[in-house]
Amino acid sequence: MGFDWNLFLESLGPIALWGLRGTIPLALASFALGMVLAVLVALMRISRNRVLSGIARAYVSAIRGTPLLVQLFVIFYGLPSVGVTLDPWPSAIIAFSLNVGGYAAEVVRAAILSVPKGQWEAGYTIGMSRTLTLRRLILPQAARVSVPPLSNTFISLVKDTSLASLILVSEAFKEAQNIAAFSQQFMVVYLAAALVYWVFCTVLSAGQNQLEKRLDRYVAH
């Protein structure tokens, strides 16, 4: 049996549509929440409070030491055993957000620590508190440094959202599974899905490059 090009081309539209309706929104929501969590965890990690620092360290270790698929299953299939039942979408967003938070927290922490200590001293010299110095001087500089790795994290998240199909979330790969099950042409349909993901990630990578170039204009060379 030859390669069914008609099915391949016909599959691209529905898969891409569910990518725009499901995959991208899921990735955006999870990344936004994950970044809020990442900043909080990063600040806890560099805190002088040993309890807060220890909690943050344990969280990062747990997230980075366990597979994303296991985290997803614990939330969707595990929580009901303790009386907490969540729909597929909230479960996916929570799992992905926690995962992003764990990985991005280390990126944010490293970016904050990369800012010269003289910037802290400059803030203190003009009467700023530690919190105000962090907010007005340190975090803006750290944000620029962290853009490349965080952009890569988001692109990886777009691909990782395909795991949400395992808990019945309607997104690009779930649509591919439905088409493949109906047509029984698994290779053809999954290659179409791969092409859609590749296009999405290529576009996002191009956007990342443009953002980095714009930010680079404000850096003295």
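The values are calculated or read from the model by the stated rules, or taken from the named source; none is laboratory data. Note that the structure is a prediction, hence the values are computed from the model and not measured. Neighbour counts run over all protein chains shown; Cβ positions are idealised from the backbone, glycine included.
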Which residues, counting only those in the range 122-149, are surrounded by fewer than 15 Cβ atoms within 10 Å (Cβ to Cβ), outside any helix (DSSP H, G or I) and of a type in the set (A, V, I, L, M)?
126
Got a sec? Which of 74, 107, 70 is modelled with pLDDT under 95, part of a helix (DSSP H, G or I) and either within 23 Å of residue 144 (Cα to Cα) or aliphatic (A, V, I, L, M) (or both)?
107
Suppose we keep only residues that are in contact with a Gly (Cβ under 9 Å, 6 or more places away or on another chain), touching a residue at least 24 places away in the same chain (Cβ under 8 Å) and exposed (fewer than 15 other Cβ atoms within 10 Å of the Cβ) within the range 56-87. Which one would you say is nearest to residue 30 (Cα to Cα)?
64
In this structure, does residue 35 turn out to be assigned to a loop (DSSP other than H, G, I, E, B) and within 24 Å of residue 144 (Cα to Cα)?
no
Show the residue pairs meeting these rules: Cβ distance below 6 Å; 6+ apart or different chains; first residue within the range 202-214 and surrounded by 11 or more Cβ atoms within 10 Å (Cβ to Cβ); second residue of a type in the set (A, V, I, L, M) and in a helix (DSSP H, G or I).
204/155
How about the range 88-123: which of its residues are more than 29 Å from residue 48 (Cα to Cα) and either among the charged types (D, E, K, R) or without any contact (Cβ under 8 Å) to a residue 12 or more places away in the chain (or both)?
90
Is it true that residue 185 is crowded, with 17+ Cβ neighbours inside 10 Å, among the polar types (S, T, N, Q) and closer than 19 Å to residue 3 by Cβ?
yes
Residue among 163, 191 that alone is assigned to a helix (DSSP H, G or I), touching a Leu at 6+ places or on another chain (Cβ under 9 Å), on the phi < 0 side of the Ramachandran plot and in contact (Cβ under 8 Å) with a residue 40 or more places away in the chain:
163
Within the range 174-181, identify whether any single residue is under 14 Å from residue 31 (Cα atoms), without any contact (Cβ under 8 Å) to a residue 40 or more places away in the chain and among the polar types (S, T, N, Q), and answer yes or no.
no
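Okay, residues lined up against (1) at positive phi; (2) crowded, with 19+ Cβ neighbours inside 10 Å; (3) assigned to a loop (DSSP other than H, G, I, E, B); (4) over 21 Å from the mean Cα position of the chain (by Cα):
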| site | (1), (2), (3), (4) |
| --- | --- |
| 13 | no, no, no, yes |
| 19 | no, yes, no, no |
| 27 | no, yes, no, no |
| 31 | no, yes, no, no |
| 40 | no, no, no, no |
| 54 | no, no, no, yes |
| 91 | no, yes, no, no |
| 101 | no, yes, no, no |
